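Have a look at the structure below before the remarks.
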Amino acid sequence: MIDPAWISHPDEVDDLIGEWAAAYPGLLRAEHKMQFAGRPVWALSVTDNSIPDEGKRKAMVFKPHAHEPAPIAAQMNVISQLLTGQTIDGHPSEFDNQRVLRECLLVFMPDANPEGTARAPVEAWDGSEYTNDEFWAWMRGIDPETGKMWKRVDLWDDTIEDPLPTRYGIVYEQISEHEYVEPNRHHASTLFRWIFEMMDRHADWHAMLSLHQTEFETCDDTCMIILPCLYDDLPEDIKREAMAWAKDVVAGWGEVEGAHPRQEIAPLNYGGEQRQYFVERWGDIYPRVPIITSEIQNNNAKTPPALQQRLNEVAIRATIDRLLG
Ligand SMILES: [Zn+2]
């Protein structure tokens, strides 16, 4: 049973954004790039447009992966509070939305791959219908030889791969007739096209929050913050801000009933090819703006959808609070 405050299906997201854009033209600039498969990838700039952007504190919040829907629901609920002063289900805003609108420019990209999200068999992964093996086969596709999940690559071409997955994974965004990318691992993704456009539009970004979900199969943690893989080599001011911000998020999670946040805050520990994707695709961005990655448990009864959404909202709230100082 999905919570009434949960909006994640692209059709519902598009409808609500349309309503907001019509009702709040002074607060919301709703822009989209059409992805190859024909769905809009939104970049929602939320701020009081009557105040110049120059002095505002700026953050980008985005959600790369289609099998991780809670960050969509969380962003929509935060945007609702910013624009309307109420949550999607009609509760008063938990923060001073007028002050945020005056002092901050927030760009939300609630869903980097809506075509993938729309192909998911569920709107939220609660662990009741799919094992993690089945879930992962939805994520990356079904390997015809093993019946389990297909491989993880930055880009693949279905005229070259052999054998092809028997069902294409929803994590991959189709970018041309035959090419597919993982959105946060290839610059041809709509996500990266938006990130670069926004970085060109404004030079002074204070934060980038990358919202994710993972399964936490081998530990009791249900949420964690990950720092960039190149963290140790970043400028001191970027490192200091990223770590302080990460601690704020973890502290916020600690106040949520049912959450078990990992206390250790560490750089991404991937090796090999997966690390190399991040070095190549993010290496020029990491030194310019503090970036943290939030991971909330997915597909597990310990973290039901409403809690998944809540924990994502807490991460966004902590980010906004840091901008306000
Ligand atoms: Zn992810």
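The values are calculated or read from the model by the stated rules, or taken from the named source; none is laboratory data. Here the structure is a predicted model, which means the values were calculated and not measured. Every residue, glycine as well, gets a Cβ built from its backbone with ideal geometry; the counts of neighbours run over all protein chains shown. Just so you know, the surface numbers come from the protein's heavy atoms only, side chains and all, with ligands and any DNA or RNA stripped out. Shrake-Rupley method; radii C 1.70, N 1.55, O 1.52, S 1.80 Å.
Name the pairs: first residue in the stretch 224-236 and β-branched (V, I, T), second residue assigned to a loop (DSSP other than H, G, I, E, B), Cβ to Cβ under 7 Å, at least 6 apart or on different chains?
Matching pairs, first to second residue: I225/I265; I226/L268.
Just the residues that are open to solvent by less than 50 Å² (accessible area, probe 1.4 Å) and not aromatic (F, W, Y), please, taken from the stretch 148-162.
Answer for the stretch 148-162, where residues must be open to solvent by less than 50 Å² (accessible area, probe 1.4 Å) and not aromatic (F, W, Y): R152, V153, D154, D157, D158, E161.
If Y130 satisfies every condition in (1) in contact with a Phe, Trp or Tyr (Cβ under 8 Å, 6 or more places away or on another chain); (2) open to solvent by less than 30 Å² (accessible area, probe 1.4 Å) but one, which is the exception?
(2)
Tell me which residues, restricted to the stretch 104-142, are small (G, A, S) and part of a helix (DSSP H, G or I).
G116, A118, A137
Given the options S176, S210, name the one that is open to solvent by less than 50 Å² (accessible area, probe 1.4 Å) and within 20 Å of the chain's Cα centre (by Cα).
Among S176, S210, only S210 is open to solvent by less than 50 Å² (accessible area, probe 1.4 Å) and within 20 Å of the chain's Cα centre (by Cα).
Please specify each residue of the stretch 195-220 satisfying the condition of being within 16 Å of the ligand (Cβ to nearest atom) and either free of Cβ contacts under 8 Å to residues at least 60 places away in the same chain or among the β-branched types (V, I, T) (or both).
If the condition is that a residue be within 16 Å of the ligand (Cβ to nearest atom) and either free of Cβ contacts under 8 Å to residues at least 60 places away in the same chain or among the β-branched types (V, I, T) (or both), then I195, T214 are the ones that fit.
Being among the aliphatic types (A, V, I, L, M), open to solvent by 10 Å² or more (accessible area, probe 1.4 Å) and within 16 Å of the ligand (Cβ to nearest atom) is the requirement here; does M243 meet it?
Spelling it out, it is not the case that M243 is among the aliphatic types (A, V, I, L, M), open to solvent by 10 Å² or more (accessible area, probe 1.4 Å) and within 16 Å of the ligand (Cβ to nearest atom).
Can you spot a residue in the stretch 304-324 that is away from the ligand (no atom under 16 Å from the Cβ), surrounded by fewer than 18 Cβ atoms within 10 Å (Cβ to Cβ) and over 23 Å from P110 (Cβ atoms)?
Within the stretch 304-324 (the criterion being away from the ligand (no atom under 16 Å from the Cβ), surrounded by fewer than 18 Cβ atoms within 10 Å (Cβ to Cβ) and over 23 Å from P110 (Cβ atoms)), the answer is no, since none of the residues qualifies.
Does P290 fit the bill of being under 26 Å from W136 (Cβ atoms) and surrounded by 14 or more Cβ atoms within 10 Å (Cβ to Cβ)?
Here the answer is no, as P290 does not meet what is asked.
Can you say whether E257 is buried (at least 16 other Cβ atoms within 10 Å of the Cβ) and either in contact (Cβ under 8 Å) with a residue 40 or more places away in the chain or over 19 Å from C229 (Cβ atoms) (or both), as far as the supplied structure shows?
When the stated conditions are applied, E257 does not pass them.
Which condition breaks for L227 when tested against (1) open to solvent by less than 20 Å² (accessible area, probe 1.4 Å); (2) over 25 Å from V153 (Cβ atoms)?
Looking at each condition in turn, L227 falls short on (2).
Is it the case that the stretch 63-73 has a residue that's closer than 23 Å to V171 by Cβ and away from the ligand (no atom under 16 Å from the Cβ)?
The answer is no, given that none of the residues of the stretch 63-73 is closer than 23 Å to V171 by Cβ and away from the ligand (no atom under 16 Å from the Cβ).
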